[in-house]
1. Can you confirm whether Val130 is touching a Ser or Thr at 6+ places or on another chain (Cβ under 7 Å), of a type in the set (A, V, I, L, M) and either modelled with pLDDT of 85 or more or over 19 Å from Leu79 (Cα atoms) (or both)?
2. Return only the number of the condition from (1) outside any loop (DSSP other than H, G, I, E, B); (2) in contact (Cβ under 8 Å) with a residue 60 or more places away in the chain that Gln332 does not satisfy.
3. Which condition from (1) open to solvent by less than 30 Å² (accessible area, probe 1.4 Å); (2) at pLDDT below 85; (3) under 27 Å from Val130 (Cβ atoms); (4) of a type outside the set (Val, Ile, Thr) is the one that Leu20 breaks?
4. Have a look at Val482, Val452, Val468 and point out the one that is at pLDDT below 95 and either buried (at least 17 other Cβ atoms within 10 Å of the Cβ) or hydroxyl-bearing (Ser, Thr, Tyr) (or both).
5. List, please: which pairs have Cβ atoms under 9 Å, are six or more places apart or on different chains, and start with a residue in the range 416-430 that is touching a residue at least 24 places away in the same chain (Cβ under 8 Å) and closer than 16 Å to Gln332 by Cβ and end with one that is β-branched (Val, Ile, Thr) and open to solvent by 50 Å² or more (accessible area, probe 1.4 Å)?
6. Which ones in the range 106-126 are open to solvent by less than 40 Å² (accessible area, probe 1.4 Å), within 57 Å of the chain's Cα centre (by Cα) and more than 24 Å from Gln48 (Cβ to Cβ)?
7. Could you tell me which of the residues Arg28, Arg41, Arg88 is of a type in the set (D, E, K, R), assigned to a helix (DSSP H, G or I) and either modelled with pLDDT under 80 or surrounded by 14 or more Cβ atoms within 10 Å (Cβ to Cβ) (or both)?
8. Answer yes or no: is there a residue in the range 347-356 that is part of a strand (DSSP E or B), buried (at least 23 other Cβ atoms within 10 Å of the Cβ) and under 37 Å from the mean Cα position of the chain (by Cα).
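The values are calculated or read from the model by the stated rules, or taken from the named source; none is laboratory data. These numbers come from a predicted model, not from an experiment. Here the Cβ positions follow ideal geometry from the backbone for every residue, glycine too, while neighbour counts run over all protein chains shown. When the accessible area is computed, the model is the full protein with side chains, heavy atoms only, and any ligands, DNA or RNA have been set aside. Shrake-Rupley method; radii C 1.70, N 1.55, O 1.52, S 1.80 Å.
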Amino acid sequence: MSCDRALQLSLLLVSCAAVLAGKSPGVRSIFTQSCLDYGARVFSRMIQTNVDNIRIPPSSGEIASPIGTVEYFIKNMELTDFDMGHSRMGVVPEVGASMSISVDTAGVKGDWGYQLKSIFPMADSGSFDVTVEAAYIDVVIAIMEHKTGRPTASLASCDAGIGNMDLTFHGGASWLYNLFSPVIVQQLKTELDEMLCDAVNKSVQNKMDGGMASTPVIVPLIGDIYLDMTLVDDVVFGIGNCQALVKGAARQNGTNPDAALQPRDLPNTNYTRAPRMLYYDITEYFFDSIGQAFFQSGRLSAVIRPSDVPADSPIQLRPSDKVINTVLPEIQEKYPDATLQVHLNASAPPKVSITEEGAVLSLAGRAVTYASEQEGRLTRLFGVKLAMDVPVSFRVSGINLTANASASSARVEIQPLKSSKVGEIGPDAEKLIEQYLCRQVVIPWFNRFLQVGVPFKLNKVKYVNPEVLLHKHYVTIETDIVIVSRSGGHVTSSHMRTDRPSSTSPSPATRLQTHHTPS
């Protein structure tokens with residue numbers, strides 16, 4: 001029904017992310033050092049997959065010796081026992097993420113052969129094994145703003161180093177193949193340095209950038225309204241964290257909510273030693289931009305008809321209803337055979353106000369009651385102005401930011417409009433409108449949608465023990481994460497909390513150092 005639709009749209013006021021003017025973010029995503037380290041371990045596994053598929057091309061050459069020229073070849077080479085060890089991700093300020101990976105074990109096996117061109121020609125062949133020690137990979141990954149507004153990842157630099165290599169030949173005459181052993185070692189070092197960086201580059205392009213490319217930044221909401229979650233700038237890399245500044249504006253095609261709304265700056269917050277892996281800072285402007293878009297679209301309206309009222313409701317939209325007849329008897333007297341309709345229309349965009357003590361959703365509109373007579377003619381009976389301040393609480397369910405509106409704690413103001421055809425709208429009628437229409441109909445309708453929420457989705461990421469904190473003018477989602485594999489398993493981070501604290505959560509000030517910018 002139309003009331004459901006309008007209230008569903010209004011729900012989005014308390015479920016997504018904020019907007020910014022210029023390059024001021026409405027939503028800020030912060031990935032802390034523990035998250036970066038966790039990402040480094042996952043990324044190492046991506047690299048491992050590409051390394052396991054490395055095939056070293058054959059090579060050949062000539063070596064001059066006192067007894068003639070030795071022509072040699074090596075072929076059928078492949079990596080064996082390549083096992084990455086410790087990995088850590090840091091940042092290169094204003095450049096990107098740096099990553100250092102040690103290689104615990106690595107080896108190469110293959111076949112060799114030679115032919116000695118001299119007055120006493122010789123030829124032989126066999127196999128060889130190489131043991132690698134003290135190998136490492138150091139990379140810098142730049143994460144920038146793509147022209148589409150999504151993040152894009154590229155390999156800024158890569159340095160792979162193969163330390164000591166112990167080469168063992170099997171078969172043949174050792175005195176002869178020792179002549180070209182140093183040359184083979186050097187060739188293998190050069191080949192592996194390039195191939196390891198190539199494996200890293202493929203991981204960045206196919207996995208990291210590919211995952212970013214598949215993350216939607218334009219999120220459809222309903223009809224011609226969508227949420228713009230594009231970046232407003234390149235990802236910012238600081239000491240111990242990186243931050244993505246997201247636009248997060250709800251828009252209707254052909255309108256610009258930014259012209260009517262001005263976002264507040266987010267405070268400068270020190271996330272260097274933040275205990276959780278991922279933080280979302282979501283400003284009031286996020287919610288207000290959604291309200292603005294839906295208000296401009298004309299969708300914040302509804303018509304409540306008798307068919308919309310449950311049969312077991314204590315009040316039915318008919319003049320003969322005992323409660324209605326008690327407080328407004330003139331309806332029964334003048335329109336005994338009519339049914340009633342209540343037309344709801346927002347008179348201003350809904351707004352959300354957030355402080356450390358709580359969040360409030362403010363609604364303003366009009367409710368006009370009509371008599372619908374048998375021939376379908378609508379007669380305006382009376383109208384009232386409505387103003388509601390509804391406390392809302394937030395939580396994260398799965399990947400969805402959800403909310404709950406408290407009907408019992410709502411503050412409702414009712415002001416009768418002039419030109420009533422059914423007498424004065426007195427205190428009893430106002431109380432009926434407040435209790436039935438506002439608290440028992442409108443707010444529960446909101447809650448059905450608020451409790452579904454809107455997803456904050458990252459590809460293949462599951463949130464662990466998320467919490468929502470309230471600050472002045474914004475909320476923060478703080479959470480640990482795991483990355484889910486195709487098989488449904490996940491890579492566990494040793495830094496995450498695996499259980500929720502039993503005591504009351506400390507105040508936001510004990511978690512992070514926050515410096516508020518004056519409004």
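1. Here the answer is no, as Val130 does not meet what is asked.
2. (2)
3. Status for Leu20: all satisfied but (3).
4. When all the criteria are applied, what remains is Val482.
5. From the range 416-430, the pairs are Asp428/Thr326.
6. Across the range 106-126, the qualifying residues are Trp112, Gly113, Gly126.
7. Details: Arg28 fails: assigned to a helix (DSSP H, G or I); Arg88 fails: assigned to a helix (DSSP H, G or I).
Testing whether each residue is of a type in the set (D, E, K, R), assigned to a helix (DSSP H, G or I) and either modelled with pLDDT under 80 or surrounded by 14 or more Cβ atoms within 10 Å (Cβ to Cβ) (or both) leaves just Arg41.
8. Scanning the range 347-356 turns up at least one residue that is part of a strand (DSSP E or B), buried (at least 23 other Cβ atoms within 10 Å of the Cβ) and under 37 Å from the mean Cα position of the chain (by Cα).
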